[in-house]
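I have placed the structure first, in the form of structure tokens, so that the comments after it can refer back to it.
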């Protein structure tokens with residue numbers, strides 16, 4: 001059984017993958033055991049674990065304001081930390097799977113394919129794109145641009161004028177594992193149907209209120225929905 005080494009295994013996606021996994025041996029060290037800011041720790045963990053795949057979920061995500069208030073932390077975790085992972089995977093010839101975000105797309109028209117032009121919508125997305133740049137220098141790699149939220153939707157209000165390809169965490173994790181099993185490289189969008197954040201949120205939180213983008217600032221894009229044709233072709237080969 002092939003081993004997957006996960007960074008950020010204590011995060012939402014990492015925990016869900018650990019919960020549902022049936023096909024891989026998974027090694028999910030704590031940050032104390034494998035800090036992505038520490039290149040030597042990553043290498044020691046790879047030597048110990050002997051993974052076939054490194055699933056890189058660790059990084060700084062939300063709240064988004066953290067990336068504005070502390071860009072140094074964004075750089076260290078999402079760009080330098082990811083670069084450390086890339087260097088380690090290259091050195092030990094480990095397949096790298098990097099979790100990125102739909103926010104790297106411009107966010108104005110939606111239906112973005114993996115080949116669409118990129119223009120990150122906020123500093124978080126810029127930091128994730130910085131990580132992507134490092135990953136793309138390594139041929140034995142896969143970038144997954146994902147769009148997901150916890151179930152039930154965790155906020156009191158949801159945007160009626162912002163459109164995404166959201167899926168719930170319990171829906172996205174199986175897709176991540178299915179794509180990994182297909183051993184593809186490059187970039188794959190993983191998400192659901194285009195809908196407003198509000199319509200998506202109502203599925204799991206019927207009492208959610210409405211909010212508009214202008215009430216919180218320009219960092220909220222109008223439409224980062226993704227074209228998932230490549231995902232569907234990959235999944236079809238697994239049927």
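The values are calculated or read from the model by the stated rules, or taken from the named source; none is laboratory data. Predicted model, so just to flag it, every value in this text is computed and none were measured. A quick note on method: Cβ atoms are made from the backbone with ideal geometry, for glycine too, and the neighbour counts reach across all protein chains shown.
What number of residues within the stretch 65-94 are crowded, with 17+ Cβ neighbours inside 10 Å, touching a helix residue (DSSP H, G or I) at 6+ places or on another chain (Cβ under 6 Å) and more than 20 Å from residue 142 (Cβ to Cβ)?
The qualifying residues number 2.
Given the structure, is residue 119 out of contact with any strand residue (DSSP E or B) (no Cβ under 9 Å at 6 or more places or on another chain) and either part of a loop (DSSP other than H, G, I, E, B) or buried (at least 22 other Cβ atoms within 10 Å of the Cβ) (or both)?
Criteria met by residue 119.
Conditions tested, residue by residue: (1) under 17 Å from the mean Cα position of the chain (by Cα); (2) assigned to a helix (DSSP H, G or I); (3) over 21 Å from residue 121 (Cα atoms).
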| site | (1), (2), (3) |
| --- | --- |
| 138 | no, no, yes |
| 145 | yes, no, no |
| 172 | yes, yes, yes |
| 178 | yes, yes, yes |
| 184 | yes, no, yes |
| 189 | yes, no, no |
| 210 | no, no, yes |
| 231 | yes, yes, yes |
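If residue 205 passes every condition in (1) at positive phi; (2) modelled with pLDDT of 95 or more but one, which one does it miss?
(1)
Only one residue in 191, 186 is surrounded by fewer than 14 Cβ atoms within 10 Å (Cβ to Cβ) and touching a residue at least 60 places away in the same chain (Cβ under 8 Å). Which one?
Numbers: 191 fails: surrounded by fewer than 14 Cβ atoms within 10 Å (Cβ to Cβ).
Testing whether each residue is surrounded by fewer than 14 Cβ atoms within 10 Å (Cβ to Cβ) and touching a residue at least 60 places away in the same chain (Cβ under 8 Å) leaves just 186.
Quick check on this structure: which one of 202, 212 is touching a strand residue (DSSP E or B) at 6+ places or on another chain (Cβ under 9 Å) and surrounded by 14 or more Cβ atoms within 10 Å (Cβ to Cβ)?
Details: 212 fails: surrounded by 14 or more Cβ atoms within 10 Å (Cβ to Cβ).
None of the other options fit; the residue is 202.
Regarding the stretch 24-43, can at least one residue be identified that is farther than 23 Å from residue 83 by Cβ and in contact (Cβ under 8 Å) with a residue 40 or more places away in the chain? Can you show your working first?
In the first step, residues of the stretch 24-43 are kept if they are farther than 23 Å from residue 83 by Cβ; the result is 24-26.
Okay, now just the ones that are also in contact (Cβ under 8 Å) with a residue 40 or more places away in the chain, so 24.
Yes, because at least one residue in the stretch 24-43 is farther than 23 Å from residue 83 by Cβ and in contact (Cβ under 8 Å) with a residue 40 or more places away in the chain.
How many of the residues in the stretch 136-163 are over 17 Å from residue 230 (Cα atoms) and in contact with a helix residue (DSSP H, G or I) (Cβ under 6 Å, 6 or more places away or on another chain)?
11
Do we have any residue at all in the stretch 150-163 that's assigned to a helix (DSSP H, G or I) and over 20 Å from the mean Cα position of the chain (by Cα)?
no
Could you count how many residues in the stretch 11-23 are without any contact (Cβ under 8 Å) to a residue 60 or more places away in the chain and more than 14 Å from residue 169 (Cβ to Cβ)?
1
Quick test of your reading of the structure: residue 64 fulfils all but one of (1) under 29 Å from residue 21 (Cβ atoms); (2) under 15 Å from the mean Cα position of the chain (by Cα). Name the failing condition by number.
Checking residue 64 against (1) under 29 Å from residue 21 (Cβ atoms); (2) under 15 Å from the mean Cα position of the chain (by Cα), the one that fails is (1).
For the stretch 95-112, name all the residues that are assigned to a strand (DSSP E or B) and crowded, with 21+ Cβ neighbours inside 10 Å.
Within the stretch 95-112, 96, 97, 98, 99, 100, 101, 112 qualify.
Given (1) surrounded by fewer than 21 Cβ atoms within 10 Å (Cβ to Cβ); (2) touching a strand residue (DSSP E or B) at 6+ places or on another chain (Cβ under 9 Å); (3) part of a helix (DSSP H, G or I), identify the lone condition not met by residue 130.
(2)
For a quick check of your reading of the model, give me the residue pairs whose first member lies in the stretch 156-168 and is at negative phi and without any contact (Cβ under 8 Å) to a residue 24 or more places away in the chain, whose second is surrounded by fewer than 22 Cβ atoms within 10 Å (Cβ to Cβ) and part of a strand (DSSP E or B), with beta-carbon atoms closer than 9 Å and at least 6 apart or on different chains.
none
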